[in-house]
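In what follows, a single structure is set out as structure tokens and then discussed.
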Amino acid sequence: MTRTILEIRDLRKSYGRNNILNGIDLQLLPGKITGLLGRNGAGKTTLMKCVLGLTANYHGKVVFNGKNLSTTDTQTRMKIGSLVDVQFYEDLTAYDNLMLSIRLIDSLPKKERKRLIQESLEFVELSNAAKKKVKNFSFGMKQRLALALSLITKPELLILDEPFVGLDPIGVEEVKDLLRKLCRERGTAILFSSHQMQEVCDLTDNILVLSKGVISYSDQNRHFENQQAQLIELMK
Ligand SMILES: Nc1ncnc2c1ncn2[C@@H]1O[C@H](COP(=O)(O)OP(=O)(O)OP(=O)(O)O)[C@@H](O)[C@H]1O
């Protein structure tokens with residue numbers, strides 16, 4: 001039986017009196033891509049932030065590799081990469097930005113950090129731009145740099161909030177290829193949110209619809225007609 005990387009059980013989260021998540025249940029498997037759909041304000045980012053420990057005071061269980069995930073468990077958290085609210089220092093180079101970030105989370109020797117950063121930049125095909133300042137990057141390059149940042153620690157799970165927003169069609173294809181490569185070569189489990197139905201339908205092994213605070217639909221078979229139109233109906 002395939003092991004579950006992430007299991008969420010009865011996750012509930014409110015902001016004040018506003019109930020956003022009303023009992024989320026889901027499971028993610030290694031090497032599988034899961035797309036999360038939902039209307040604006042449905043709670044997709046909130047769900048991701050709960051898993052990433054970026055928001056507190058939620059109820060329910062978040063289990064990573066069979067272990068309850070606590071916000072203070074930094075070793076385990078390093079195995080979860082994310083692309084949520086990423087900011088860079090525009091006046092620093094791509095390499096220096098990554099070095100700064102890794103310094104905050106790791107006590108590895110400098111040589112090892114350097115190697116991991118180079119490997120990560122190579123994976124997203126930005127090695128040639130390592131010494132360029134981020135302010136000279138295109139939006140697509142910044143998006144790939146954000147991915148490089150999330151990959152430094154070789155995460156087993158990657159959580160991406162709208163990874164295709166603002167990308168041109170070539171950029172979208174590049175990111176899709178990178179995500180497929182990650183699953184194939186490293187067995188990474190990926191959860192991403194998107195409003196771009198085509199990308200969700202193209203890329204995923206499983207589609208989840210978040211509506212009224214619960215996962216109202218989970219589709220692993222994906223063999224139905226007019227899929228996009230039906231998914232839009234399910235989001236209502
Ligand atoms: N820090 C916060 N304090 C209060 N309310 C919040 C906070 N963050 C989010 N919300 C509210 O929670 C709801 C869900 O927001 P969230 O960003 O999770 O939705 P989303 O599905 O990611 O939306 P979108 O597709 O527009 O990005 C919204 O009504 C939002 O206004």
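The values are calculated or read from the model by the stated rules, or taken from the named source; none is laboratory data. Note that the structure is predicted; figures quoted are calculated from it, not measured. So basically every Cβ, Gly included, is an ideal-geometry build from the backbone, and we count neighbours across all protein chains shown.
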List every residue pair whose Cβ atoms sit under 7 Å apart, with the two residues 6 or more apart in sequence or on different chains, where the first one lies in segment 16-27 and is in contact (Cβ under 8 Å) with a residue 40 or more places away in the chain and over 13 Å from Tyr58 (Cα atoms) and the second, anywhere, is of a type in the set (Asp, Glu) and assigned to a strand (DSSP E or B). Asp25/Asp10
Within segment 28-49, which residues are near the ligand (Cβ under 10 Å from one of its atoms), in contact (Cβ under 8 Å) with a residue 40 or more places away in the chain and under 13 Å from the mean Cα position of the chain (by Cα)? Leu36, Lys44, Thr45, Leu47, Met48
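For residues that are in a loop (DSSP other than H, G, I, E, B) and among the aliphatic types (A, V, I, L, M), scanning just segment 1-27, find the one that is surrounded by the fewest Cβ atoms within 10 Å (Cβ to Cβ). Full working, then the answer.
Of segment 1-27, the ones in a loop (DSSP other than H, G, I, E, B) are 1-5, 16-17.
Filter once more, so that each one left must be among the aliphatic types (A, V, I, L, M): 1, 5.
Details: Met1: 3, Ile5: 23.
Within segment 1-27, the match that is surrounded by the fewest Cβ atoms within 10 Å (Cβ to Cβ) is Met1.
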Which one of these does Leu157 not meet: (1) hydrophobic (A, V, I, L, M, F, W, C); (2) closer than 20 Å to Val51 by Cα; (3) touching a helix residue (DSSP H, G or I) at 6+ places or on another chain (Cβ under 8 Å)? (3)
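Find the residue count for segment 39-80, including only residues that are part of a strand (DSSP E or B) and either β-branched (Val, Ile, Thr) or outside the structural domain of Asp161 (by TED's automatic domain parsing) (or both).
Within segment 39-80, residues that are part of a strand (DSSP E or B) and either β-branched (Val, Ile, Thr) or outside the structural domain of Asp161 (by TED's automatic domain parsing) (or both) number 3.
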Filter result (within 13 Å of the chain's Cα centre (by Cα) and within 14 Å of Leu145 (Cβ to Cβ)) within segment 161-176: Pro163, Val175
Which numbered condition in (1) of a type in the set (S, T, N, Q); (2) within 19 Å of Leu47 (Cα to Cα); (3) surrounded by fewer than 13 Cβ atoms within 10 Å (Cβ to Cβ) is the only one that Asn226 fails? (2)
Of the listed residues (Leu203, Leu157, Leu191), the one being closer than 15 Å to Ile33 by Cβ, at pLDDT 95 or above and away from the ligand (no atom under 16 Å from the Cβ) is Leu157
Pairs, please: C-beta under 7 Å, at least 6 apart or cross-chain, first residue on the phi < 0 side of the Ramachandran plot and surrounded by fewer than 18 Cβ atoms within 10 Å (Cβ to Cβ) and in segment 179-198, second among the aliphatic types (A, V, I, L, M) and part of a helix (DSSP H, G or I)? Met197/Leu231
Selection from segment 175-201 of residues touching a Pro at 6+ places or on another chain (Cβ under 7 Å) and closer than 14 Å to Leu28 by Cβ yields Gly187, Thr188, Ala189, Phe192
